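To keep things clear, I will list the structure first and then write my remarks on it.
The values are calculated or read from the model by the stated rules, or taken from the named source; none is laboratory data. From a predicted model like this one, the values you see are computed outputs, not experimental measurements. No Cβ is skipped: glycine too gets one built from the backbone with ideal geometry, and neighbour counts run over all protein chains shown.
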Amino acid sequence: MGTSFVIVGANGRMGRTLCDLIGQEPDLSLVGAVDTPEHVADVSLRMVGKCPVSDSLENLLARVPKESVIIDFTSPAVSMASARLACAKHFPLVIGTTGLTREQISELESLATTNPLFWSSNMSIGINAIRKILPDLAQALGADYDMEIMEIHHRHKKDSPSGTALTLGKTLAEARGWDIDKVRCSKRDGIIGERKDEEIGIQALRGGDVVGVHTVYFMGPGERIEITHHAHSRENFARGAIRAGIWLTEQKPGKLYSVADMLS
Ligand code: NAD
C-alpha cells in the first residue's frame, strides 16, 4: 500500500481539494479527516464509506495506521496544536497554513528536531522555482533597480500580505544583504515622501475568488521587469503538499523542512 494521509481542516478550501485528490490516486489512502464540531457533519457526508471523520485529531490518531502522514491547512493556532500532537504521537506532519508568527516558526523548528515536520507558505513548484532565480536577478540588476511585490487573493483570505509575498520579499532582501523586517513597506498613504533606497514594498489586493497571483517587480532606469505567477486552482498547492508528505516519510527529524529542501 502507498502513503496514508490524515487531513486536518478537511472541510476547508484546501482540505477538500486534498481529500478529492488523494481519493483519486490509487497509490494513496485517506485514513482520516478532521474539522471543527460545526463542520464534521458536512465532512462525514462527503466521506461516507471513505474514512473516519472526527473533530479531534488526537482521537483520530488512535485509529489510523502508525505510518500515516498528517497534512494541516487550517489556522496558525490549530496548526501549532497539530504540530505538538504529531510530535508527541510520532506522526510526520506537513503544514501549509500561512500567517505564522516568528515565535510559532521557532517552535516548529524546535519540534522538528525530534519529529519529521514540513512547513511551506507556498507549496507550488512554480513559486519555488521563481524564488530560486530571484537572488541572481537582484544581483545582476544591481542597486539601481527598485524591488516591489504585489499579491492578489480571494476575499476570504485572513492574513495579509500573503505568506508567499513575505517569503519572496525575504528572498529579495537577503539577496541585497537587508533584513526584510526593517525594509518592508506594506502601507503607503498620504504625504509619505520619496521612496527609500533600502525598501521593498509588499502590497495586497483582495477580492472575488482569486486563488493567488504574485508579481515581483524590478524597476530601473528606463525599464521594468515583472515576474508573475498565477495559481489557476488549489490543485497545484495540494499536489505539492501530497508530494511533501510522501517525501517526508523518508526524512529523518533534524530540521523544519520546506519545498526548497524537497526540490534540492
Ligand atoms: P479555509 O478557511 O477554507 O479552511 C480552513 C479549515 O480549517 C476550515 O474547514 C475550518 O473549519 C478548519 N478548522 C478550523 N479550526 C479547526 C480545528 N480546530 N480543527 C480542525 N479543523 C479546523 O482556509 P483555506 O483557504 O483552506 O486555507 C487554510 C490555510 O492554508 C490558510 O492559512 C491559507 O493561507 C493557507 N494556504 C496555504 C497554501 C500553501 O501553498 N502553503 C495554499 C493555499 C492556502
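Quick one: what pairs do we get from segment 142-154, first residue free of Cβ contacts under 8 Å to residues at least 60 places away in the same chain and over 10 Å from residue 169 (Cα atoms), second in a loop (DSSP other than H, G, I, E, B) and of a type in the set (D, E, K, R), C-beta under 9 Å, 6+ apart or different chains? That search, which allows pairs on different chains as well, returns 143/176; 143/197; 154/209.
Okay, residues lined up against (1) more than 16 Å from the ligand (Cβ to nearest atom); (2) touching a Ser or Thr at 6+ places or on another chain (Cβ under 6 Å); (3) not in a helix (DSSP H, G or I):
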position: 177; (1), (2), (3): yes, no, yes
position: 182; (1), (2), (3): yes, no, no
position: 187; (1), (2), (3): yes, no, yes
position: 204; (1), (2), (3): no, yes, yes
position: 216; (1), (2), (3): yes, no, yes
position: 225; (1), (2), (3): yes, no, yes
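Under 21 Å from the mean Cα position of the chain (by Cα), within 26 Å of residue 5 (Cβ to Cβ) and not assigned by TED's automatic domain parsing to the domain that holds residue 129: is that true of residue 157 in this structure? Against the criterion (under 21 Å from the mean Cα position of the chain (by Cα), within 26 Å of residue 5 (Cβ to Cβ) and not assigned by TED's automatic domain parsing to the domain that holds residue 129), residue 157 does not qualify.
Residue 103 meets each of the listed conditions (1) in contact with a strand residue (DSSP E or B) (Cβ under 8 Å, 6 or more places away or on another chain); (2) of a type outside the set (Lys, Arg); (3) under 21 Å from residue 162 (Cα atoms) apart from (1). The test for being within 13 Å of the ligand (Cβ to nearest atom), surrounded by fewer than 17 Cβ atoms within 10 Å (Cβ to Cβ) and of a type outside the set (Phe, Trp, Tyr) holds for residue 55.
Of the residues 231, 238, which single one is aliphatic (A, V, I, L, M), in contact (Cβ under 8 Å) with a residue 40 or more places away in the chain and touching a helix residue (DSSP H, G or I) at 6+ places or on another chain (Cβ under 6 Å)?
Details: 231 fails: touching a helix residue (DSSP H, G or I) at 6+ places or on another chain (Cβ under 6 Å).
Testing whether each residue is aliphatic (A, V, I, L, M), in contact (Cβ under 8 Å) with a residue 40 or more places away in the chain and touching a helix residue (DSSP H, G or I) at 6+ places or on another chain (Cβ under 6 Å) leaves just 238.
Please indicate, with yes or no, whether at least one residue in segment 31-47 is outside the structural domain of residue 227 (by TED's automatic domain parsing), aliphatic (A, V, I, L, M) and under 19 Å from residue 251 (Cβ atoms). Within segment 31-47 (the criterion being outside the structural domain of residue 227 (by TED's automatic domain parsing), aliphatic (A, V, I, L, M) and under 19 Å from residue 251 (Cβ atoms)), the answer is no, since none of the residues qualifies. Residue-level check: of (1) in contact with a Gly (Cβ under 8 Å, 6 or more places away or on another chain); (2) buried (at least 20 other Cβ atoms within 10 Å of the Cβ); (3) under 16 Å from residue 240 (Cα atoms), residue 19 misses just (1).
The residues in segment 91-110 that are in a helix (DSSP H, G or I) and touching a residue at least 40 places away in the same chain (Cβ under 8 Å) can be counted, and the count is 3. Among the residues of segment 126-175, count how many are surrounded by fewer than 16 Cβ atoms within 10 Å (Cβ to Cβ), more than 16 Å from the ligand (Cβ to nearest atom) and under 22 Å from residue 97 (Cα atoms). Qualifying residue count for the region: 1.
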